[in-house]
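Structure record follows, encoded as structure tokens.
The values are calculated or read from the model by the stated rules, or taken from the named source; none is laboratory data. Fair warning: this is a prediction, and the values are worked out from it, not measured in the lab. Ideal geometry is used to build each Cβ from the backbone, glycine not excepted, and the neighbour counts take in all protein chains shown.
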Amino acid sequence: MTEDPTLEIHNLRLLGWHNLNGANGGGRMGEGIAIQQLGNRRIGYFATESGPIGLDVVDVTDPREIGILAQVPAENDHVRFNSLSMSGNILVVARQTQQPGQQPAGVAVYDASDPEHPRQLSFFDTSGPYSRGCHFVWFVDGRYMHLATGMPDFKPTNQKDDQLYVIVDLKDPEHPVETGRWWLPGMKDGEPPLPRHPRFDSGHRMHNVAITPSHPNRAYIAWLDSGVTILDTSDLGEPKLVGQWNPHPPQSGFSHTAVPIFSRNLMVVSEEALKQDCSDYPKLVWLVDISVEDNMVPQGTAYVSNLDSYLTRGGRFGAHNLHENHEQPTCAQLENTAVGTFFNGGVRVFDIRNPLRVEELAYFVPQKPADSHLPTGQINDCFVDDRKIVYALERMSGGLYTLEYTGEAPLN
């Protein structure tokens, strides 16, 4: 860390940062973070939103001294890696293309036991005439991948609804096999179409899913303009709808991430801000009561201090990604706090012990990176490891920040 890139900071300490060669064509950071413990080493895997580099493999053993171990190039200039997930030493990395029908589209499966040289074992191909491939992948139990993806045989009613829920068995990582799939009724061609948002039509496609080893019979899924669903996954071959909550409209759409907190019958839900002029504000982080699964009820939203300032700075502002409780040894399991990203509002930490009154605990807002064409920094994704180190990724120019929470209230 040769200089301090901090613009605003409260109850967080900047430990380190690295541009990951973003200024030299490394790539814009995406929405995938995994931390691997390999002996005494700690390795971070970070997906990019655009090339030429698709995957950064980084030594974060000492979060103050970040070092690049490997950078895996994207296959071409119309593919994005964007999402990844990891269980043990098996790493899965999404491939999504700009347009339907392009290649490669799907998920690459790697053996990452030698992090300097990740070895591809297989590729689960989801390409097709209406498919842009896989946008998001979840793999935390060592057996099943859960994808937000198009499929070769799936024709959507509307092209904006092209990503469905697909479950893939990785019992043999060299030969992935589809186990099951589910989509919202109305997404598939020939079904009565879903309604479109009157102002902000982002589509009804799937975005993220959370399904954990401790609760394998439930999947919590965000569906953009269709809000979030809970699915019964006791039979992975035939998931079934349990409940749905959708505030869009009147809210401006794009449910992004759903994080269940089982001990509290809560779900933290983020939306994604899309407009550079903030015309789609508000994009919120919600606290939702899921004690009655077929009648989910919102309890409160997270408030960002100095709000008006972010709305006028330029670039996107509003909620985006959340730290997800992966139930992995290197991942913090947060029950009373939530950590999320807000683009030009940086990364924020919230006290959610009282879901009716969410309190802001901490924030970190970086300066505009030197090589970004936007007037502000744009923090895209975050992750909290078991050491309570916060990782935050810059979207537009690439780069990784490592942070330490210093507030009085516990980060737990």
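Points worth noting:
- Hits in the range 294-305 - residues which are surrounded by 14 or more Cβ atoms within 10 Å (Cβ to Cβ) and either more than 20 Å from Thr337 (Cβ to Cβ) or more than 22 Å from the chain's Cα centre (by Cα) (or both): Met296, Gln299
- Only one of Gln96, Gln37 that is out of contact with any strand residue (DSSP E or B) (no Cβ under 7 Å at 6 or more places or on another chain), part of a strand (DSSP E or B) and at pLDDT 95 or above: Gln37
- Those residues of the range 77-93 which are outside any strand (DSSP E or B), at pLDDT 95 or above and over 11 Å from Gly133 (Cβ atoms), in sequence order: Gly88, Asn89
- Considering the conditions (1) under 22 Å from Leu12 (Cβ atoms); (2) in contact with an Asp or Glu (Cβ under 7 Å, 6 or more places away or on another chain), Leu322 is excluded by exactly one of them, (2).
- Flag for Gly67 being modelled with pLDDT of 95 or more, small (Gly, Ala, Ser) and closer than 30 Å to Glu404 by Cα: yes
- Residue in the range 103-127 that is nearest to Leu38 (Cα to Cα), counting only those that are touching a Leu at 6+ places or on another chain (Cβ under 7 Å) and in a strand (DSSP E or B): Asp111
- If you filter the range 265-282 down to residues that are within 20 Å of the chain's Cα centre (by Cα), without any contact (Cβ under 8 Å) to a residue 60 or more places away in the chain and over 19 Å from Arg395 (Cβ atoms), you find that the one that is surrounded by the fewest Cβ atoms within 10 Å (Cβ to Cβ) is Pro282.
- Scanning the range 338-375 for residues that are polar (S, T, N, Q) and over 17 Å from Glu49 (Cβ atoms), we see that the one that is surrounded by the most Cβ atoms within 10 Å (Cβ to Cβ) is Gln367.
- Failed criterion for Asp201 (all others in (1) free of Cβ contacts under 8 Å to residues at least 60 places away in the same chain; (2) over 16 Å from Asn246 (Cα atoms) hold): (2)
- Checking Arg119 against (1) surrounded by fewer than 17 Cβ atoms within 10 Å (Cβ to Cβ); (2) touching a residue at least 40 places away in the same chain (Cβ under 8 Å), the condition it does not meet: (2)
- Residues that are within 21 Å of the chain's Cα centre (by Cα) and of a type in the set (Gly, Ala, Ser) within the range 52-106 comprise Gly54, Ala74, Ser83, Ser85, Ser87, Gly88, Ala94, Ala105, Gly106, listed in sequence order.
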